[in-house]
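Read the structure below first, then the notes.
The values are calculated or read from the model by the stated rules, or taken from the named source; none is laboratory data. Treat the numbers as computed from the prediction; the structure is a model and nothing was measured. Glycine gets a Cβ as well: all are built from the backbone with ideal geometry, and neighbour counts include every protein chain shown. Remember, those area values only see protein heavy atoms, side chains included, never the ligands or the DNA or RNA. Shrake-Rupley method; radii C 1.70, N 1.55, O 1.52, S 1.80 Å.
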Amino acid sequence: VARPAGDVYAYASQPVNLPRWAHGLGTSAEEVGEGEWFVDSPMGRVRITFAPNNEYGVVDHDVTLPSGETVHNPMRVIGDGHEACEVVFTLRRRPGTSDEEFERDAAAVAADLARLAELMERRADNDGE
């Protein structure tokens, strides 16, 4: 992402911004407690709990599905030492997930990360940087 890691982390770690870039996860984030949010997703209403703000770029979040199953999603914003960064999301295959479902999940994550990069880079353009 052609934007400093701190800027990307500040944006991506705010659950209120999630519907703007993570369309694969859902829309309309609603805070229900400190660090705990509900999102209307393609899977139904899910609860999302984010890692506390930190200086390491950790944007991990747990998604509790309507079934009660909780999926841990490791995510990091890693600076390149200059004015750009990488956003790394680890997609884990849940038991019973078909190849087709896993590929669909991977494509949704890739699209979400591309949207995040686009939004952040557009913000840089709008900021005059």
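The set of residues in segment 72-104 that are free of Cβ contacts under 8 Å to residues at least 60 places away in the same chain and under 13 Å from the mean Cα position of the chain (by Cα) comprises HIS72, ASN73, PRO74, ARG76, VAL88, PHE89, THR90, LEU91. Look at (1) crowded, with 16+ Cβ neighbours inside 10 Å; (2) assigned to a loop (DSSP other than H, G, I, E, B); (3) within 15 Å of the chain's Cα centre (by Cα); (4) modelled with pLDDT of 90 or more and you find that ASP7 fails only one, number (2).
Looking at segment 11-24, which of the residues that are open to solvent by 50 Å² or more (accessible area, probe 1.4 Å) and in a helix (DSSP H, G or I) is farthest from GLU118 (Cα to Cα)?
Top of the filtered list is VAL16.
So which of ASP112, ASP105 is in contact with a His (Cβ under 7 Å, 6 or more places away or on another chain) and charged (D, E, K, R)? Quick ask: steps written out before the conclusion?
On the way: ASP105 fails: in contact with a His (Cβ under 7 Å, 6 or more places away or on another chain).
Result: ASP112 is the single residue among ASP112, ASP105 that is in contact with a His (Cβ under 7 Å, 6 or more places away or on another chain) and charged (D, E, K, R).
ARG47 fulfils the conditions (1) in a loop (DSSP other than H, G, I, E, B); (2) open to solvent by 30 Å² or more (accessible area, probe 1.4 Å); (3) touching a Leu at 6+ places or on another chain (Cβ under 9 Å); (4) not polar (S, T, N, Q) except for a single criterion, (1).
Give the residue, chosen from VAL71, VAL77, VAL58, that is surrounded by fewer than 18 Cβ atoms within 10 Å (Cβ to Cβ), under 17 Å from VAL1 (Cβ atoms) and of a type outside the set (Asp, Glu). Outline the logic, then answer.
Values: VAL71 fails: under 17 Å from VAL1 (Cβ atoms); VAL77 fails: surrounded by fewer than 18 Cβ atoms within 10 Å (Cβ to Cβ).
Only one candidate passes the filter, namely VAL58.
Would you be able to tell me the number of residues in segment 115-128 that are surrounded by 12 or more Cβ atoms within 10 Å (Cβ to Cβ) and either modelled with pLDDT of 95 or more or charged (D, E, K, R) (or both)?
Taking segment 115-128 and keeping what is surrounded by 12 or more Cβ atoms within 10 Å (Cβ to Cβ), we get 115-121, 123-124.
Next cut, either modelled with pLDDT of 95 or more or charged (D, E, K, R) (or both) only: 115-121, 123.
Count: 8.
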